[in-house]
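Student: First the structure, then my questions, so here it is.
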Amino acid sequence: MPEDKTYTATIDRIEDGIAVLLLEDRGETVDELHIHNLERIPSAGRHGGAILQVTVEEGNIVDMVYNAETEQNRRKRVQERFDNLSKRPPDTDSETN
């Protein structure tokens with residue numbers, strides 16, 4: 001059971017009408033919660049990869065807010081990493097001539 005506090009949460013996936021939230025504390029995944037009623041999630045955040053601020057008390061989510069800005073920043077960083085990894089390394093043969 002997660003501690004009573006506010007976490008950054010990522011919707012890892014939604015399967016069979018159940019959302020799996022990964023709770024983060026200081027950038028580390030510390031727990032996961034399952035939301036069986038998707039209506040509890042803010043409508044703009046009902047998709048995989050959505051970032052939410054969730055407040056947990058006694059193991060239950062008492063507040064949940066969609067954080068579009070954080071989600072957008074994370075998606076941008078991931079895309080930049082992917083773009084950097086997909087770049088072709090320089091041709092070493094042409095550099096030695």
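Bear in mind these aren't lab numbers, they're just calculated from the coordinates by the rules spelled out. Please read these numbers as outputs of a predicted model, since none were measured by experiment. Note: ideal-geometry Cβ built from the backbone for every residue, glycine included; neighbour counts use all protein chains shown.
Student: What distance in nm separates the simple spin-label points at residue 6 and residue 18, each placed 7 Å from Cα in the Cβ direction?
Tutor: 2.9 nm
Student: Follow-up. In µm²/s, what is D for the chain at 37 °C and 0.692 mPa s, where D = kT/(6 pi eta Rh) by Stokes-Einstein and Rh is the Kirkwood radius from Cα pairs?
Tutor: Diffusion coefficient, whole number: 216 µm²/s.
Student: While we're on this one: Could you tally the net charge around residue 51, taking each other residue with its Cβ under 10 Å from the Cβ of residue 51, Lys/Arg +1 and Asp/Glu -1?
Tutor: Combined, the nearby Lys, Arg, Asp and Glu give -1.
Student: Packing-wise, with mean Cβ within 10 Å as the measure, how do 73-79, 10-16 rank, highest first? List each step's numbers first, then the result.
Tutor: On the way: 73-79: 11.4, 10-16: 14.4.
Averaged packing, sorted descending, gives the order 10-16, 73-79.
Student: Can I ask one more? Is there a quick way to get the dipole size of the chain? I mean about its Cα centre, with the Cβ of Lys and Arg at +1 and of Asp and Glu at -1; what is the value in debye to the nearest 20? Don't skip to the end; give the middle numbers.
Tutor: Working: 12 positive and 21 negative charges, 89 e Å.
The calculation lands at about 420 debye.
Student: On to the next question. Report the one residue of 61, 45, 1 whose Cα lies farthest in the direction of the positive end of the charge dipole of the chain (charges on C-beta: Lys and Arg +1, Asp and Glu -1; origin at the Cα centre).
Tutor: Final value for the positive-end residue is 45.
Student: Could you sort the peptides 80-91, 46-57 by per-residue average Cβ neighbour count (10 Å cutoff), highest mean leading?
Tutor: Output ranking for 80-91, 46-57: 46-57, 80-91.
Student: Let me ask something additional. At 222 nm, what value in deg cm²/dmol follows for the chain if DSSP H runs of at least 4 each add -39500 (n - 2.57) and the sum is divided by all its residues, to the nearest 500?
Tutor: Computed ellipticity for the chain at 222 nm equals -7500 deg cm²/dmol.
Student: If each of residue 79 and residue 60 carries a label point 7 Å out from its Cα toward its Cβ, how far apart are those two points in nm?
Tutor: Here the modelled spin labels are 4.0 nm apart.
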